[in-house]
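See below for the structure under consideration.
The values are calculated or read from the model by the stated rules, or taken from the named source; none is laboratory data. Remember, it's a predicted structure, so these values are computed and weren't measured experimentally. Cβ coordinates were reconstructed from backbone atoms using ideal geometry, including for glycine residues, and neighbour counts include every protein chain displayed.
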Amino acid sequence: RCADMNDIKLALLGSRGAGKSAVLVRFLTKRFIGEYASNTNSLYRKRLSIDGRQLNLEVFDPCSQQNVESRCILEEPVDWADGFVVVYDISDRLSFLNAKNVLCQIKEARMESCKSEADVPVCLVGNKQDLCHVRQVSEDEGRSLAQEHKCPFQEVSAAEDHQEISGLFTKLIRGVMEHLKHR
Ligand code: GDP
Ligand code: MG
């Protein structure tokens, strides 16, 4: 693993419409466009430097799926990715339930494939904070779900904010670097 220590692979997971692509594009470009291709899988690459280290970041942004009923949408990214960004929409309760489901499935799939209980680096994102007047998920619920899975959590707005999204990705990437070091 040493040779590609500086390659970091992340995958985004979550309900259709939760804002996975918007959050990712915001992180990568600092911009919010409004509409994002949803019928293809995309792989984004970016070079960035964190804590003085040059990293090649690859992020898998899957095409929009319905809520995860089965394991299948997870299979590819779970084996490929070093870490996961799980996104839900705070104004959509179903997307939160789906995120819960996804977090459990990541854990299970990883335990099967790695036979290890080491926590997979994951972060939980409650997106569309600008829609808090029509909120269906409280911030506390998000926070406690994240605590259950021992992962960083942040409510963000891809539409309005860059800083928080960037901070969360940085935290996750640090977690991934730690994780890879101990493998
Ligand atoms: P994906 O299917 O999870 O990739 O979701 P998209 O990134 O395509 O976003 C779905 C829709 O939600 C689009 O119309 C976005 O413009 C909108 N959206 C994404 N993020 C936000 C946000 O933070 N606030 C608001 N109000 N809308 C957002
Ligand atoms: Mg998308």
Being of a type in the set (A, V, I, L, M) and either over 28 Å from Leu55 (Cβ atoms) or not in a helix (DSSP H, G or I) (or both), is that true of even one residue in the stretch 106-120? yes
Looking at the stretch 1-36 only, could you name the residues that are without any contact (Cβ under 8 Å) to a residue 24 or more places away in the chain, of a type in the set (A, V, I, L, M) and away from ligand 1 (no atom under 11 Å from the Cβ)? Ala3
Top-ranked residue in the stretch 50-74 [being within 16 Å of ligand 2 (Cβ to nearest atom) and modelled with pLDDT of 90 or more; ranked as surrounded by the most Cβ atoms within 10 Å (Cβ to Cβ)]: Asp61
Every residue in the stretch 127-145 that is outside any loop (DSSP other than H, G, I, E, B) and within 16 Å of ligand 2 (Cβ to nearest atom), please. Asn127
Residues of the stretch 29-49 being surrounded by fewer than 15 Cβ atoms within 10 Å (Cβ to Cβ) and part of a strand (DSSP E or B), in sequence order, are Leu43, Arg45, Lys46, Arg47, Ser49
Going by the structure shown, is Asn39 within 14 Å of ligand 1 (Cβ to nearest atom) and modelled with pLDDT under 90? yes
Per the filter on the stretch 114-144, residues modelled with pLDDT under 95 and among the basic types (Lys, Arg) are Lys115
What's the number of the condition Met111 fails, among (1) under 27 Å from Arg143 (Cα atoms); (2) modelled with pLDDT of 95 or more? (2)
Restricting to the stretch 146-165, and then to whatever is in a loop (DSSP other than H, G, I, E, B) and within 16 Å of ligand 2 (Cβ to nearest atom), can you tell me which residue is surrounded by the most Cβ atoms within 10 Å (Cβ to Cβ)? Ala158
